[in-house]
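What follows is a single structure, written as structure tokens, with notes after it.
The values are calculated or read from the model by the stated rules, or taken from the named source; none is laboratory data. These figures come from a predicted structure and were not determined experimentally. Backbone-built Cβ (ideal geometry, glycine too); neighbour counts: all protein chains shown.
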């Protein structure tokens, strides 16, 4: 198996991406091709000890910055690490692609270069979030901000295939993110998506409200990309704000400081449990290839976990499962 | 001043509502009229010691349940505590209305009975959220789920007036909740709202992302009601989930248990700081009268704080300020 890693993507690229890729190659014994500007990659490969049999460089002369407009940058920079890397997947020279770079650009390039799976009209970004009962998968968190109701049904079918075959949980429960539980709630768009999901063979549990996003009420939560993106980013922000509040309180009195000393083990374990980077990257479902998207802030450990995720998707042949599921219903 | 309190609204009505109303009357020396079914209110008034000069009952024979469809219930139950109470405001027999009941029904009845302020087309629910720098006001969190871009401009103007005159902060900064910071980001709707806000005299800081909802980056955050509702409920849920995670970890080992004992003061202070009920109810801005909406789960203290908020809105003549602001720009 060979996994393409966009060495130039992410807030701390290329160094942390290379470091994470080396860890992944060592731990999982998989081939990794780092795509990017060779003379920016080589110094870091020399800095770390790396398994030469498993790591190689594939040159790409351009870099898409995090803040560049997605579609425009993909059209203009044809030699970007994102486009070059995805073309290697298209040509079947590698099995999966990972980038922690500009998410919009990855979505756009993957759609253009790889194309869509049969009977899927739009890609969706799926991400695992920790819940009180384990974890749930939210799709879409920002690939498609103007979806049709039918796209939400397709997200449901793809996520169902992912759950059944990778997580080995048949008939996962599916909820539609909405402002109320009753079928009559929400916009016309939400009502139509509700209708389509109800009529499908999926295990549709109806609408779920924002308050149930982390309760573990459903295995899969379907959302339009605009709402899903805001819900996810609000969550990340709130978790950080609560930490900051908590630390401020801890420092505000002596009992707090003593308590904090006793709690350091619990706190770091908790942080690990709610840290998105532990869950690896997000899946770009619907495109004709395995694509994993990392958070811009990914550290080496997050890169390693995301590469592990790509490896699993390839091993379990997720896209073949999705095609079968969608063909069936 | 007289404030109308919907005695029948809320998950623990009428008891906690009555208890909160009594606390408010005692603390603020204001007249409160409890609207609802007299023989369901009287036993609780007898149970608590209450200031007879300040508390009275106004009969209403019907109750709208929390889960009833909003518009339909308002049309069918003309003698509901919500409609009867709002009619007292319309007839200028009282100064403000508070309910912790069915939010949709309160919004619908307030719009129908009180009508809108001049040049305001739709009401918006505004709620204070704690941030790292103090607090921000988010509008709309669910009154209007199919807004036009112009409604979002009107929310900005109303929230600006509220900030200037009640919070005494001139030229509050205003952000538009969107999926990216650049003006080109988001749906056509978001781009048009961005344009209208940019052209106004408001102190518009541009788009803000979900990750900045709790950072205190803007004083006021404008959102369509669907997205705002989900963002708010996701936040409530996540805060609760993090507490649950934390407590589970605390109990998982001896050091955690010892640490928790030392931390109890910090934890309860933190909880108070992020607890919505401490901030009182939400403001229903745009209707021709002072209306405060409480969380269904409001306890007596939340009811008291919400009544205090109603009192302030009346004292500072918020609606007159809004009319002036909107006339000006």
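Against the definition (in a loop (DSSP other than H, G, I, E, B), within 27 Å of residue A:239 (Cβ to Cβ) and assigned by TED's automatic domain parsing to the domain that holds residue A:225), how does residue A:141 come out, yes or no? Yes: the conditions hold for residue A:141.
Summed over segment A:195-230, residues that are over 21 Å from residue A:133 (Cα atoms), crowded, with 23+ Cβ neighbours inside 10 Å and away from chain B (no Cβ under 14 Å) total 1. Looking at the structure I just gave you, is residue B:292 at pLDDT 95 or above and in contact with a strand residue (DSSP E or B) (Cβ under 9 Å, 6 or more places away or on another chain)? Yes; evaluated as a whole, the condition is true for this residue. Screening segment A:22-132 for strands (runs of 3 or more DSSP E) wholly inside it with 3 or more residues that are more than 30 Å from residue A:214 (Cβ to Cβ), out of contact with any helix residue (DSSP H, G or I) (no Cβ under 9 Å at 6 or more places or on another chain) and free of Cβ contacts under 8 Å to residues at least 60 places away in the same chain returns no ranges.
Conditions tested, residue by residue: (1) in the same structural domain as residue A:298 (by TED's automatic domain parsing); (2) touching a strand residue (DSSP E or B) at 6+ places or on another chain (Cβ under 6 Å); (3) within 25 Å of residue A:285 (Cα to Cα).
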| residue | (1), (2), (3) |
| --- | --- |
| A:10 | yes, no, yes |
| A:13 | yes, no, yes |
| A:39 | yes, no, no |
| A:52 | yes, no, no |
| A:65 | yes, no, yes |
| A:73 | yes, no, yes |
| A:94 | yes, yes, yes |
| A:99 | yes, yes, yes |
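No other residue among A:239, A:282 is more than 7 Å from every other protein chain (Cβ to nearest Cβ), under 21 Å from residue A:299 (Cα atoms) and modelled with pLDDT of 65 or more apart from A:282.
Here residue A:17 meets each of (1) assigned to a loop (DSSP other than H, G, I, E, B); (2) under 19 Å from residue A:293 (Cα atoms); (3) in contact with a helix residue (DSSP H, G or I) (Cβ under 7 Å, 6 or more places away or on another chain) with one exception, condition (1). The set of residues in segment B:163-177 that are surrounded by 15 or more Cβ atoms within 10 Å (Cβ to Cβ), more than 8 Å from chain A (Cβ to nearest Cβ) and in contact with a strand residue (DSSP E or B) (Cβ under 6 Å, 6 or more places away or on another chain) comprises B:172, B:173, B:174, B:175, B:176. When B:211, B:233, B:251 are screened for being touching a helix residue (DSSP H, G or I) at 6+ places or on another chain (Cβ under 8 Å) and modelled with pLDDT under 85, only B:251 passes. Residues considered: A:139, A:174, A:113, A:127. Of these, the only one that is modelled with pLDDT under 95 and on the phi < 0 side of the Ramachandran plot is A:127. Exactly one residue among B:92, B:122, B:78 is modelled with pLDDT of 95 or more and at positive phi, and that residue is B:92.
Residue count for segment B:295-325, restricted to those that are within 29 Å of residue B:118 (Cβ to Cβ) and either in a strand (DSSP E or B) or out of contact with any strand residue (DSSP E or B) (no Cβ under 8 Å at 6 or more places or on another chain) (or both): 10.
Residues of segment B:180-208 that are at pLDDT 95 or above and in contact with a strand residue (DSSP E or B) (Cβ under 8 Å, 6 or more places away or on another chain): B:190, B:193, B:194, B:197, B:198, B:202, B:203, B:204, B:205, B:206, B:207, B:208. State all residues of segment B:143-162 that are in contact (Cβ under 8 Å) with a residue 40 or more places away in the chain, closer than 19 Å to residue B:195 by Cβ and within 14 Å of another protein chain (Cβ to nearest Cβ); if no residue qualifies, say none. The answer is B:147, and nothing else. Checking every residue in segment B:179-190 against the condition of being part of a helix (DSSP H, G or I), within 14 Å of chain A (Cβ to nearest Cβ), touching a residue at least 40 places away in the same chain (Cβ under 8 Å) and surrounded by fewer than 18 Cβ atoms within 10 Å (Cβ to Cβ) gives at least one match. Only one of the numbered conditions (1) surrounded by 13 or more Cβ atoms within 10 Å (Cβ to Cβ); (2) modelled with pLDDT of 95 or more; (3) within 26 Å of residue A:113 (Cβ to Cβ) is not met by residue A:70, and that is (2).
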